[in-house]
Amino acid sequence: MNARRRTVLAAGAAGAAALATGCGSSDGGGGEDASPTPAVSGDAPGGAELARTADIPVGGGTVFKERKVVVTQPEEGEFRAFSAVCTHASCLVSTVSDGTISCPCHGSRYSITDAAVEAGPATRPLPAERITVSGGAIRLG
């Protein structure tokens, strides 16, 4: 029973820390998140390769469910990455089309440019993820 209680308490503390981090806003208000744009660099090698630049459609994107990340290409040669975990109910987003990233659970939609909420019930944008782009490879980190 004590081991189970410790596990539940540890999981609860980790969840509270993640929630507090995810709900923060540099503008001090409850409105639009002022998170920085994901870094895109031609110099840094980054982590494991997610995709090739040619695999991400211009004006669209691809969801990498196993990595819980979505990579978009709003304009030719401009790549962005965001968490694929919906800020409403923590479902994974599933598709990218018509300039939006869509969550199948409750219909939230996010912009492929900055992950701002375009349709609720989500009220916060998807958090940015760092990527590097070099030699046609897109890497996390």
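Restricted to the range 51-90, and to residues that are hydroxyl-bearing (S, T, Y) and open to solvent by less than 50 Å² (accessible area, probe 1.4 Å), which residue is nearest to T132 (Cα to Cα)?
Residue satisfying both the conditions and the ranking: T53.
It is to be established whether one or more residues within the range 65-85 are in contact with a Pro (Cβ under 9 Å, 6 or more places away or on another chain), over 21 Å from A48 (Cα atoms) and in contact (Cβ under 8 Å) with a residue 40 or more places away in the chain.
Scanning the range 65-85, I find no residue that is in contact with a Pro (Cβ under 9 Å, 6 or more places away or on another chain), over 21 Å from A48 (Cα atoms) and in contact (Cβ under 8 Å) with a residue 40 or more places away in the chain, so the answer is no.
Going by the structure shown, is S111 within 14 Å of the chain's Cα centre (by Cα) and surrounded by 18 or more Cβ atoms within 10 Å (Cβ to Cβ)?
Against the criterion (within 14 Å of the chain's Cα centre (by Cα) and surrounded by 18 or more Cβ atoms within 10 Å (Cβ to Cβ)), S111 qualifies.
When R124 is evaluated against the numbered criteria (1) in contact with a helix residue (DSSP H, G or I) (Cβ under 8 Å, 6 or more places away or on another chain); (2) charged (D, E, K, R); (3) under 22 Å from G59 (Cβ atoms), which criterion, by number, is the only one it fails?
Of everything listed in (1) in contact with a helix residue (DSSP H, G or I) (Cβ under 8 Å, 6 or more places away or on another chain); (2) charged (D, E, K, R); (3) under 22 Å from G59 (Cβ atoms), R124 misses just condition (3).
When you check S102 against the structure, is it surrounded by fewer than 22 Cβ atoms within 10 Å (Cβ to Cβ), out of contact with any Pro (no Cβ under 9 Å at 6 or more places or on another chain) and under 16 Å from P57 (Cβ atoms), yes or no?
yes
The values are calculated or read from the model by the stated rules, or taken from the named source; none is laboratory data. For clarity, every value in this text was computed on a predicted model and none was experimentally measured. Note that we place each Cβ from the backbone using ideal geometry, even for glycine, and neighbour counts take in every protein chain shown. Just so you know, the surface numbers come from the protein's heavy atoms only, side chains and all, with ligands and any DNA or RNA stripped out. Shrake-Rupley method; radii C 1.70, N 1.55, O 1.52, S 1.80 Å.
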